[in-house]
Amino acid sequence: MRRVRRVVLHVGTERTGSTSVQKALFAHRELLLSQGILVPLSILRSYELDAGVANHIPFVAALTDEEMFPQDLMPAELMPPDTTEAQWRAALVAGLRREVEMAPSNVDTVIISAEHIHSRLDTASAVIRMRELLASFADSTTVVAFLRPQIDMAVSLYNLVIRRGGVERRIVPAFDDEGGWDRVLGVRQSYFDLDAMLKRLEAAFGRDAILVHRYGGEVDFDSRKLVFAAGGAEFPEATTMQPARENASVSRTAQEALFFINRNREMFEDAHREFLVTIIDNVLLAKFPGPGVRPARSSAINFMNTFAAGNERIRQTYFPHDRELFPIDYTRFPERDDELRDMPESALVLLALLNEAMRR
């Protein structure tokens, strides 16, 4: 089987602008191919192909531990009928190898981007399985990881939860369920354990193979340029593409509107509900951007202290000349938790009007 010189593996983390990277990789895949860099299409879902986003979610699904197969990422209806998960995994891996085999002769680098590597391949066995797959067709792997303060990850995640229909008021996760889960927000403590993630990657690929960047850490920070550079390509400066805003937050007032809609979803027929929330979400992103609700200062500090030892290990390993991994100005957090206020009952009238308009 044909081999390439290396794989550049962009692992996220989540909530660090991965969609911007993936849209750029997809949009410029022909340019990258001319420079000897393959962005695989065989490990994309049809949704990402249609949307023009090189988010290699099936790559992650194929490598998860058997009992952790992510049905939310790869629902059963996307698999061919009468196909088992094991058969699907094997077919996907074979398809990726075939795509590398059939790539133009100048290709010596493959770029794979999947922020769910951070959140779903969170066991040593899954990362070793990934290493073995990549080693079957590439001589080396370079891993690119973007990190941001855990409290900012949490606030950004809460914003996404509200935008996707959440009805909870808790901003900072509380890992009090069995197995370290916060089932209210649907996240495990390992999601925020950046040091544990890096240790898994170091054990599999070696410390020297890991490139760590702090999200937004420089004035001219651009995650797209950094991933392109890791592959040996320059991001086209003349591009008209703007960074994607999937991580953008809506303002507190807009969050309150979404929260109200989420709590009154039963007013809308199933066929209308998702469409309505998506449309309203897009309008709010465009018209009402903002920081959204924030946790109390003491909560932010306590949450960061949970990960202090691991963050210090990251600092010593990757940023030894800096005094701290994440310099955080805690004065930007309020004395008390921000709360999403309940909208007046008269807002139900507007929802009823929207529902009737959609029926017509």
Q) Does I37 fit the bill of being aliphatic (A, V, I, L, M) and out of contact with any strand residue (DSSP E or B) (no Cβ under 6 Å at 6 or more places or on another chain)? A) no
Q | Unique match (being modelled with pLDDT of 95 or more, more than 22 Å from P70 (Cα to Cα) and either among the small types (G, A, S) or under 18 Å from the mean Cα position of the chain (by Cα) (or both)) among A203, A174 | A | A203
Q) What pairs come up if the first residue lies in the range 41-63 and is in contact (Cβ under 8 Å) with a residue 12 or more places away in the chain and more than 15 Å from L133 (Cα to Cα), the second is outside any helix (DSSP H, G or I) and among the acidic types (D, E), and their beta carbons are under 8 Å apart, counting only those six or more places apart or on different chains? A) N55/E115
Q: Pairs only if they're at least six apart or on different chains, beta carbon under 9 angstrom, first in the range 231-252 and farther than 22 Å from V110 by Cα and among the acidic types (D, E), second modelled with pLDDT of 85 or more and assigned to a loop (DSSP other than H, G, I, E, B); list them, first residue then second.
A: E246/G17
Q.
Quick test for you: out of R359, R341, pick the one residue that is farther than 22 Å from Y191 by Cβ, in contact with an Asp or Glu (Cβ under 7 Å, 6 or more places away or on another chain) and surrounded by fewer than 14 Cβ atoms within 10 Å (Cβ to Cβ).
A. R341
Q: Sort out for me the helices (runs of 4 or more DSSP H) sitting completely within the range 282-360 that have 2 or more residues that are under 25 Å from the mean Cα position of the chain (by Cα).
A: 297-306, 308-318
Q. How many residues does the range 3-29 contain that are outside any helix (DSSP H, G or I) and either among the β-branched types (V, I, T) or over 8 Å from the mean Cα position of the chain (by Cα) (or both)?
A. 12
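Go through the range 129-160 and give me each residue that's within 27 Å of L325 (Cα to Cα) and among the hydrophobic types (A, V, I, L, M, F, W, C). First the steps, then the outcome.
Looking only at the range 129-160, we keep the residues that are within 27 Å of L325 (Cα to Cα), and these are 141-160.
The answer is V143, V144, A145, F146, L147, I151, M153, A154, V155, L157, L160.
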Q) Any idea how many residues of the range 317-335 are of a type in the set (S, T, Y) and under 20 Å from I210 (Cβ atoms)? A) 2
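The values are calculated or read from the model by the stated rules, or taken from the named source; none is laboratory data. In this text, all values refer to a predicted model and were calculated from it rather than measured experimentally. Quick reminder, even Gly has a Cβ in these numbers, built from the backbone with ideal geometry, and neighbours come from all protein chains shown.
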